[in-house]
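S.K.: Mind having a look at this structure? Questions to follow.
The values are calculated or read from the model by the stated rules, or taken from the named source; none is laboratory data. Small disclaimer: the values here were computed from a predicted structure and weren't measured. Don't worry about glycine lacking a Cβ; one is built from the backbone with ideal geometry, like all the others, and counts go over all protein chains shown. All accessible areas refer to the heavy atoms of the entire protein, side chains included, with ligands and DNA or RNA removed. Shrake-Rupley method; radii C 1.70, N 1.55, O 1.52, S 1.80 Å.
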Amino acid sequence: MPHAGTAAFAAASLLLFRASGAAESASLEAGARALESQSYQEAIERLSAAVREEPSNGRAAELYGRALYEENELSRAVEWLERATSLEPRSSS
């Protein structure tokens, strides 16, 4: 069952990332689009490839964790979301 706000977050995240001028891998871009359109299994497949291709990419780890969460793979989702946080720490302000 989809969780409210996840697709909106994925869309906003994709727009902000593109606005920053950073290049994305094809897998990451395809995974973000799949997550945005709530195609969670496709997102998991694409983002799994993205985290293999770019193991230090916090955005890939975050989106992969969110896709896993949407498919109720909670323990794996927590693992990847924690990894994303360690890769891209956010300020507390």
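S.K.: In the range 60-74, how many residues are surrounded by fewer than 22 Cβ atoms within 10 Å (Cβ to Cβ) and of a type in the set (A, V, I, L, M, F, W, C)?
M.R.: 1
S.K.: Continuing with this model, one more query. If Asn72 meets every condition in (1) touching a helix residue (DSSP H, G or I) at 6+ places or on another chain (Cβ under 9 Å); (2) modelled with pLDDT of 95 or more apart from one, which number is that one?
M.R.: Among (1) touching a helix residue (DSSP H, G or I) at 6+ places or on another chain (Cβ under 9 Å); (2) modelled with pLDDT of 95 or more, the lone unmet condition for Asn72 is (1).
S.K.: Find the residue count for the range 40-59, including only residues that are in a helix (DSSP H, G or I), among the polar types (S, T, N, Q) and open to solvent by less than 60 Å² (accessible area, probe 1.4 Å). Quick ask: steps written out before the conclusion?
M.R.: Of all residues in the range 40-59, those in a helix (DSSP H, G or I) come to 40-53, 58-59.
If we keep only those that are among the polar types (S, T, N, Q) too, we end up with 41, 48.
Next cut, open to solvent by less than 60 Å² (accessible area, probe 1.4 Å) only: 48.
Residues that pass the stated criteria total 1.
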